[in-house]
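The values are calculated or read from the model by the stated rules, or taken from the named source; none is laboratory data. What you see is a predicted model, and the numbers here were worked out from it, not measured in a lab. Note that each Cβ is placed from the backbone with ideal geometry, even for glycine, and that neighbours are counted across all protein chains shown. We work out accessible area using only protein heavy atoms, side chains counted, and drop any ligands, DNA or RNA first. Shrake-Rupley method; radii C 1.70, N 1.55, O 1.52, S 1.80 Å.
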Amino acid sequence: MGVATMADFLKAAPKLSLLDLGLLDKPSAPILGINGKLDDQAPVDDIYLLMEHGSPKEARIYPQGAHMGRTPGMPEDDIRNTIVTWLKEKLGR
């Protein structure tokens, strides 16, 4: 972002808000949001915000999941299979 410090980054980042820029309410291609409720990198609230605006969207929230829904004890390919199945459905239309 062309900044030198974390303080500068935190000051500049809000200018990139898709909500504040009015982009979330514009039409979009189909979107699948996948996240875990325990994600510490991309808060699940971002998915909820996305779902409240613009074109219809779909989401899969993993209740015990971390980043991208990764959940202890869950098969490694579960999330990938969810995404691939969703994509096949969308592309098959």
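Residue pairs, Cβ under 8 Å, 6 or more apart or interchain, first in the stretch 1-28 and more than 13 Å from Leu50 (Cα to Cα), second open to solvent by less than 70 Å² (accessible area, probe 1.4 Å) and among the acidic types (Asp, Glu). List them.
none
Filter the stretch 41-86 for residues that are open to solvent by 40 Å² or more (accessible area, probe 1.4 Å) and touching a residue at least 40 places away in the same chain (Cβ under 8 Å) and give the result.
Matches in the stretch 41-86: Thr82, Ile83.
Pick from Thr71, Thr85: which is part of a helix (DSSP H, G or I) and of a type outside the set (A, V, I, L, M)?
Working: Thr71 fails: part of a helix (DSSP H, G or I).
Of Thr71, Thr85, the one residue that is part of a helix (DSSP H, G or I) and of a type outside the set (A, V, I, L, M) is Thr85.
Considering each residue of the stretch 21-36, count those that are among the polar types (S, T, N, Q) and open to solvent by less than 50 Å² (accessible area, probe 1.4 Å), and give that number.
Keep residues of the stretch 21-36 that are among the polar types (S, T, N, Q), which gives 28, 35.
The next check asks that each one be open to solvent by less than 50 Å² (accessible area, probe 1.4 Å); those that pass are 35.
Count: 1.
Would you check which residues across the stretch 1-20 are surrounded by 11 or more Cβ atoms within 10 Å (Cβ to Cβ) and assigned to a loop (DSSP other than H, G, I, E, B) and list them? Spell out how you get there, then give the answer.
Restricting attention to the stretch 1-20, the residues satisfying the condition of being surrounded by 11 or more Cβ atoms within 10 Å (Cβ to Cβ) are 3, 8-9, 11-13, 17-19.
Once the filter is applied, which keeps residues that are surrounded by 11 or more Cβ atoms within 10 Å (Cβ to Cβ) and assigned to a loop (DSSP other than H, G, I, E, B), the stretch 1-20 yields Val3, Ser17, Leu18, Leu19.
For Ile61, all conditions in the list (1) over 11 Å from the mean Cα position of the chain (by Cα); (2) modelled with pLDDT of 90 or more hold save one; what is the number of the exception?
Of the numbered conditions (1) over 11 Å from the mean Cα position of the chain (by Cα); (2) modelled with pLDDT of 90 or more, the odd one out for Ile61 is (1).
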